[in-house]
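The values are calculated or read from the model by the stated rules, or taken from the named source; none is laboratory data. This one's a predicted model, so the numbers in the text were calculated from it and none came from an experiment. Every residue, glycine as well, gets a Cβ built from its backbone with ideal geometry; the counts of neighbours run over all protein chains shown. These area figures cover heavy atoms from the full protein model, side chains too; ligands, DNA and RNA do not enter into them. Shrake-Rupley method; radii C 1.70, N 1.55, O 1.52, S 1.80 Å.
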Amino acid sequence: MTVAKMAGAGAPEEAGALFVAATPIGNLDDVSTRLTAVLERASGVAAEDTRRTGKLLHSLGIRVAMVSLHAHNERSRIPELLERLLAGEDLVLMSDAGTPGISDPGMRLVREARQSGIRVSPLPGPCAAVAALSVAGFPADRFHFEGFLPARRAARRARLKQLEAVPETLVFYEAVHRLTAALEDMQEILGGERKAFLARELTKIHESTYGDSLAELCAAAAAGVIVARGEFTLVVAGGGAQEQDEKALDAVLRPLLEELPTRQAARLAASIAGCSRRLAYRRALALRPPGERVP
Ligand code: SAM
């Protein structure tokens, strides 16, 4: 494949464009003005679920023909869609919610359209992972988007073991019926003290967020504090971040341990360093010279 083809050159001049459109993850007011304008002019929409996208189009007062393009028919749909694009039609690719291709179908059509020299242009907008990161208060100059973990427990745990040392903030999508099991595995494998942030039903009426460590999220899920309904995105601190936090905590703890009993030093250090008392106490025990009495 040539560089020119990758760059999008080589399609007939009359070829149309494929617009990759992000759609609301809950709040319909998040439809952009540009998306509406492009939909009004488009010849067709390739939709993951035509019923769902049909409702969105109806709410916008837009009538445009749809074809379905989902995980199971993407390959077989591509030839006819490419033909239409090459013949000059502008098409819009839409998934059920958020950005196509992000844990959603669309990648193959985009790739093949680009390889055919067709202009592929984004209509950017909502994405649950980015929305959750933007309100988590975790480092996001770099992050690792994991999407869905494997559904089966053994595979999920094996994948979590591979992620244990990843230093960047981790972002997961999780289905409601697997949330508790996934949190329990994360607590065991990544460590209960790891900072974590759970975003539920972002941009919807019942939007709620929970924190602030995996252990606390597990306890909250078990106690029914986390409403087990709706859609969830989970943000978990990277492996390196925990080590950094522990280093900062140790620096606070050391002088306190010289003057104070362990529990008191841990309590004080936790409030100074802004971490959980449980973590501060665990570090305090680790820092105490062996054999020294623990008051
Ligand atoms: N392509 C979509 C995007 O850009 O956000 C993601 C599609 S993926 C199939 C759907 C998953 O995204 C859900 O299972 C949930 O984990 C997450 N998600 C979607 N909407 C959400 C919301 N409003 N609040 C929290 N998480 C959400």
Tally of residues being in contact with a strand residue (DSSP E or B) (Cβ under 8 Å, 6 or more places away or on another chain) and farther than 20 Å from Gly26 by Cα across the range 49-79: 7
Ala128 vs. criteria surrounded by 13 or more Cβ atoms within 10 Å (Cβ to Cβ) and either modelled with pLDDT under 95 or under 27 Å from Ala280 (Cα atoms) (or both): no
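Residue-wise test of (1) of a type in the set (Gly, Ala, Ser); (2) open to solvent by less than 60 Å² (accessible area, probe 1.4 Å).
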{"site": "Leu18", "(1), (2)": "no, yes"}
{"site": "Pro24", "(1), (2)": "no, yes"}
{"site": "Glu40", "(1), (2)": "no, no"}
{"site": "Gly44", "(1), (2)": "yes, yes"}
{"site": "Glu48", "(1), (2)": "no, yes"}
{"site": "Ser68", "(1), (2)": "yes, yes"}
{"site": "Asn73", "(1), (2)": "no, yes"}
{"site": "Leu81", "(1), (2)": "no, yes"}
{"site": "Val92", "(1), (2)": "no, yes"}
Verdict on Asp29 being out of contact with any strand residue (DSSP E or B) (no Cβ under 6 Å at 6 or more places or on another chain) and surrounded by fewer than 14 Cβ atoms within 10 Å (Cβ to Cβ): yes
Odd one out for Gly10 among (1) open to solvent by 30 Å² or more (accessible area, probe 1.4 Å); (2) within 23 Å of the chain's Cα centre (by Cα): (2)
Residue match in the range 237-253 (condition: surrounded by fewer than 17 Cβ atoms within 10 Å (Cβ to Cβ) and on the phi > 0 side of the Ramachandran plot): no
Subset of the range 186-219 (residues that are open to solvent by less than 50 Å² (accessible area, probe 1.4 Å), within 16 Å of the ligand (Cβ to nearest atom) and part of a strand (DSSP E or B)): Ala196, Phe197, Leu198, Ala199, Arg200, Ser208, Tyr210
Hits in the range 177-197 - residues which are in contact with a helix residue (DSSP H, G or I) (Cβ under 6 Å, 6 or more places away or on another chain) and small (Gly, Ala, Ser): Gly192, Ala196
